[in-house]
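Below is one structure, written out as structure tokens; the observations come after it.
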Amino acid sequence: MDEVVLDASAVLALLQEEPGADIVEAALIRGATLPAPNLAEVITKLRSYGFDPEEVLEATDALNISIAPLTEEDAMVAGFLYAETKAAGLSLGDKCCIAVGIRLNARILTADGPWRRANLGAIANIEHIR
């Protein structure tokens, strides 16, 4: 399994030079993927930090990352993850990332602590970067 899918929190950890950024950077060098809904989350967060649209585009373009579309099957899987993720409080974006990771049979990198509380080990290969 060489494929790596990044959650928005992992990308933001890299952009903000937080712990685990080195793991994300190594994944990007090998060719990681970011699901489209998670790109929207990254952009939203950067805008909330006060980045103007040009700065956001510069930051996201610099990642040189492959963006994975959300398929109908991914949407179904994300929706069906409700029971496994409700108690952990995972967002729709989180579930979309997991669904894309499952489809691609990929390691999924995240910096989100709540993912630890979700019971997903049997269906997804999730790695916490810190």
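The values are calculated or read from the model by the stated rules, or taken from the named source; none is laboratory data. Because the structure is predicted, anything quoted here is derived from the model rather than measured. Note: ideal-geometry Cβ built from the backbone for every residue, glycine included; neighbour counts use all protein chains shown. Keep in mind that these areas ignore ligands, DNA and RNA; they rest on the heavy atoms of the full protein, side chains included. Shrake-Rupley method; radii C 1.70, N 1.55, O 1.52, S 1.80 Å.
Filter region 59-89 down to the residues that are over 17 Å from the mean Cα position of the chain (by Cα), more than 14 Å from Trp115 (Cα to Cα) and of a type outside the set (A, V, I, L, M) and list them by number. Matches in region 59-89: Glu72, Glu73, Phe80. For region 82-112, what are the residues that are open to solvent by less than 10 Å² (accessible area, probe 1.4 Å) and not in a helix (DSSP H, G or I)? Those that are open to solvent by less than 10 Å² (accessible area, probe 1.4 Å) and not in a helix (DSSP H, G or I): Ala88, Ala106, Ile108, Leu109, Thr110. Is it true that Ala83 is at pLDDT below 95, of a type in the set (A, V, I, L, M) and more than 16 Å from Val4 (Cβ to Cβ)? Yes.
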